[in-house]
Amino acid sequence: MPFQTRSAFSPQNSGYGYSGQSLTRDQTRGVFGQVMGLVAVTFAFLALGAYLGRNINGGGGFIFFIAAFAGLFGLQFAVRRGREQLAIALLFGVGLLLGLFISPIIVYYANSDPGAVYQAGACTAGFTALMGCFGYATRTDLSRYYRAFFFALIALIVFGLVATFVAIPGSNVIYAVLGLIIFGGLTAFDFQRLKNSGMNVAPAIAASIFLDIFNIFLFFLALFGGGGSRR
């Protein structure tokens, strides 16, 4: 199931920038470098968590999912209060907790089909780069599509819950493909938001992009691994 709190990432949410402010080219580059640096370090914490949690069983990892979810709300609060250092610390904590949560899934695929992990990683990098470049370069205001993305995500979650209890032919593939379409759009939206945001919201934008990439990886992993993570 997608790990997101997208209702808090609305373009109307003052805690997440997207105010349409005019930035100089140097300011834009500075924000971009800061955000992508935070995303990279957060993924390093994700990798560390996945390594540390390699012996955790699937059920025991759920508590890390809940803790990461709480960490995101704490991050939102810290950004609104102007507590940048706290927000960054919470961002890295979320990465570590999600690494602990996802570790059993990675271990499963590494043992049963290691090629799926590498394929998912490569496709995630290419897909994110493509949608990120589009979002950053386009002059079309993607915020007008945010509501559609949000409701599509809600519908996807409902579909995933239904498919858990009702046998739907090809549900795993349908779920993953729809998820990639939705998060591809959200990735483009978030990179456009990055271009229009100030340094004060860098941790929040980084969290949003990190979660986009994290979910895209999971959807690709489900496709290449035959949906094993959803059994």
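Tabulated data
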{"item": "Positions within region 172-231 being part of a helix (DSSP H, G or I) and of a type in the set (D, E, K, R), in sequence order", "result": "Asp190, Arg193, Lys195, Asp212, Arg230"}
{"item": "Any hit, region 85-93, residues being under 24 Å from Gly179 (Cα atoms) and either at pLDDT below 95 or surrounded by 16 or more Cβ atoms within 10 Å (Cβ to Cβ) (or both)", "result": "yes"}
{"item": "Residue count, region 146-164 (criterion: under 18 Å from the mean Cα position of the chain (by Cα) and either of a type in the set (Ser, Thr, Tyr) or not in a helix (DSSP H, G or I) (or both))", "result": "1"}
{"item": "Matching residues in region 40-62 - criterion: being in contact with a Leu (Cβ under 9 Å, 6 or more places away or on another chain) and either at pLDDT 90 or above or among the aliphatic types (A, V, I, L, M) (or both)", "result": "Val41, Thr42, Phe45, Leu46, Leu48, Gly49, Ala50, Leu52, Ile56"}
{"item": "In region 49-65, the residues that are in a helix (DSSP H, G or I) and over 21 Å from Ile205 (Cα atoms)", "result": "Gly49, Ala50, Tyr51, Leu52, Phe62, Ile63, Phe64"}
{"item": "Residue under evaluation Phe183, criteria (1) buried (at least 21 other Cβ atoms within 10 Å of the Cβ); (2) in contact with a Ser or Thr (Cβ under 8 Å, 6 or more places away or on another chain), criterion not met", "result": "(2)"}
{"item": "Residue, surrounded by the fewest Cβ atoms within 10 Å (Cβ to Cβ), within region 94-139, restricted to residues that are within 20 Å of Leu48 (Cβ to Cβ) and of a type in the set (Phe, Trp, Tyr)", "result": "Tyr118"}
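The values are calculated or read from the model by the stated rules, or taken from the named source; none is laboratory data. Remember, it's a predicted structure, so these values are computed and weren't measured experimentally. No Cβ is skipped: glycine too gets one built from the backbone with ideal geometry, and neighbour counts run over all protein chains shown.
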